[in-house]
Amino acid sequence: MAGRLKPFDVDRQTKPGKYADGGGLYLIVTGPTSKSWSYRFWKDGKERWHGLGSLKDVSLKDARLARDAARLRVKGDRSTAGVDIVQERRQAREEAKAVEAKVVLPTFEECAEVYIRTNWSTWSEKHRDQWPSSLKRYAYGHVTVHGFRSTFATWAEECTDYPDGVREAALAHKYKSETTAAYQRGQKLEKRRALMKDWAAFLSGASVADLDDRRTA
């Protein structure tokens, strides 16, 4: 494929390699069904490759537009200095990791104790006697991380409208592409915060009476 790429050539090319479209845009083929776009540039004497997405999600036309936008950011203009967009992405990834590291979720026991204190005055003597002792005997120390992940996944899927990607990111499921993983963490951070707030509200808002009814049903 000499010169600018053509949509037909892009679709039918399966031989692994890097195919230039011009202006720094390359089609990266690693297999028959694995193709992606990348913008090649030089910054401070160093060669950089900036991923622009999978061919499944980004057409040739959109890849060219993305390349043009990336090139403008790298070169800058009279009012704005050029930036190393690869380093910028790496920094965003590290910042997202730092934010995630600061998020400390309460344990099941802590959530339960807060709920008990909050609702103590509204419970009957039966609930006051049974719930704290039952939790200590059957739940505290027995609820595993895997169990929480499974419970969270079921709740998020059946009781919320959050997209699959947000739920998967909250569960820390790994993406095959490191680039995709970095973008997912950065772009979905606010949505994940909202999801976890809803999860916390769900945990603290469960009805003791309802749980009793389910156990004895």
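Here the spin labels are modelled as points 7 Å beyond Cα on the Cα-Cβ line, and at Trp49 and Glu113 they lie 5.2 nm apart.
If you rank Asp9, Asp77 by how much accessible surface each has, with a 1.4 Å probe, what is the order from largest down?
Values: Asp9 30, Asp77 100 Å².
So, going from the largest accessible area down, we get Asp77, Asp9.
Annotation: Lys97 carries an accessible surface of approximately 90 Å², with a 1.4 Å probe and no ligand, DNA or RNA atoms counted. Model label points for Gln87 and Asp11, set 7 angstrom from Cα along the Cα-to-Cβ axis, are 4.1 nm apart. Could you calculate the FRET efficiency of Tyr140 with Ala200 from 1/(1 + (r/R0)^6), where r is the beta carbon distance between them and R0 is 22 Å, rounded to 0.05? For R0 = 22 Å, the calculated efficiency reads 0.70. Computed over protein heavy atoms with a 1.4 angstrom probe, the accessible surface ordering of Leu72, Leu135, largest first, is Leu72, Leu135.
Placing Cys111, Cys159 in order of accessible area, with the largest value first and a 1.4 Å probe, yields Cys159, Cys111.
The values are calculated or read from the model by the stated rules, or taken from the named source; none is laboratory data. Bear in mind the structure is a predicted one, so any value in this text is a computation, not a measurement. Cβ sites come from the backbone with ideal geometry, for glycine too, and all protein chains shown count toward neighbours. Protein only, heavy atoms only, side chains kept; ligands, DNA and RNA dropped before computing areas. Shrake-Rupley method; radii C 1.70, N 1.55, O 1.52, S 1.80 Å.
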